[in-house]
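One structure below.
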Amino acid sequence: MKYLIPITIFLLFHSPNLKASDLKIEPVYGVERTQREFPKPARYKTETYFGVRALYGTPSFSLEGEVNQSQDTEDFPDDNLKVTYKNQKALLGFRTYPIQSKILGVFLRFGARASKQTREITEAGESRTEEGAIIFDPYAGTGLTLVLGNNFALNTGATLIYNRNAEASEQYDTRYSFSFTIRAGNK
């Protein structure tokens, strides 16, 4: 199992059937529901994120990489507290289109996400920064692609991400994304 990703990457990048036109770039905008652990008690919040996703391969099977970032500030005036969250995430996985036509496609995606959260806390006028550890979580999702020409498409998707630090009833974070695909090269 630990050799699956390196072997897949090798096969994707060294396949004689793949060419530059098999690279697709997607600017991504989305919203996600995430757990806030500070201040106690833990709670959930919906925030927006921006990023970029790259796909390399064929519609039948593609390697998918994504990086995104979000920032959100919460004020707690009763406690004289202000917290700014900065989240950085990287996703590496695979995408496949089991249902596709010339205009519409349904995709499935799965892989692993690495995330790091930084909190800038201002309490009673004094600031401090807390850096969280890098956390790895599996993800799986689905979505739709609307093709608008040879090199352009619109995408929307929903992804569930396992959150091992949450309570048993709240262990899945949900993210919804909107992106557009730009295919590199000509077919």
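The values are calculated or read from the model by the stated rules, or taken from the named source; none is laboratory data. Treat the numbers as computed from the prediction; the structure is a model and nothing was measured. A quick note on method: Cβ atoms are made from the backbone with ideal geometry, for glycine too, and the neighbour counts reach across all protein chains shown.
Descriptive notes on the structure:
Residues are listed down the side, and each one gets a yes or a no for (1) crowded, with 17+ Cβ neighbours inside 10 Å; (2) free of Cβ contacts under 8 Å to residues at least 24 places away in the same chain; (3) farther than 20 Å from GLU32 by Cα; (4) not small (Gly, Ala, Ser):
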{"position": "ASP79", "(1), (2), (3), (4)": "no, no, yes, yes"}
{"position": "LYS82", "(1), (2), (3), (4)": "no, no, yes, yes"}
{"position": "ASN87", "(1), (2), (3), (4)": "yes, no, no, yes"}
{"position": "LEU92", "(1), (2), (3), (4)": "no, no, no, yes"}
{"position": "SER101", "(1), (2), (3), (4)": "no, yes, yes, no"}
{"position": "GLN117", "(1), (2), (3), (4)": "yes, no, no, yes"}
{"position": "GLY143", "(1), (2), (3), (4)": "yes, no, no, no"}
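- In a residue-by-residue description of segment 36-47, the property of being modelled with pLDDT of 90 or more, of a type outside the set (Ser, Thr, Tyr) and either within 28 Å of SER101 (Cβ to Cβ) or crowded, with 16+ Cβ neighbours inside 10 Å (or both) applies to no position.
- Pairs, first under 24 Å from SER60 (Cα atoms) in segment 23-36, second in a strand (DSSP E or B) and hydroxyl-bearing (Ser, Thr, Tyr), C-beta under 7 Å, six or more apart: LEU23/TYR56; LYS24/THR181; GLU26/SER179; GLU26/THR181; PRO27/SER179; VAL28/SER177; VAL28/SER179
- Test result for THR58, among the polar types (S, T, N, Q), without any contact (Cβ under 8 Å) to a residue 40 or more places away in the chain and farther than 15 Å from GLN88 by Cβ: no
- The requirement of being surrounded by fewer than 17 Cβ atoms within 10 Å (Cβ to Cβ) and among the β-branched types (Val, Ile, Thr) is fulfilled somewhere in segment 174-187, by at least one residue.
- Scanning segment 112-153 for residues that are more than 18 Å from GLY65 (Cα to Cα) and under 15 Å from the mean Cα position of the chain (by Cα) yields a count of 1.
- Set THR156, THR84: member being closer than 20 Å to THR46 by Cβ, assigned to a strand (DSSP E or B), β-branched (Val, Ile, Thr) and under 14 Å from the mean Cα position of the chain (by Cα): THR156
- Scan of segment 120-131 for residues that are modelled with pLDDT under 90 and either closer than 21 Å to GLU26 by Cα or surrounded by 14 or more Cβ atoms within 10 Å (Cβ to Cβ) (or both), ordered by number: ILE121, THR122, GLU123
- Within segment 55-77, if we keep just the residues that are surrounded by fewer than 19 Cβ atoms within 10 Å (Cβ to Cβ) and of a type in the set (A, V, I, L, M, F, W, C), the residue that is farthest from GLU37 (Cα to Cα) turns out to be PHE61.
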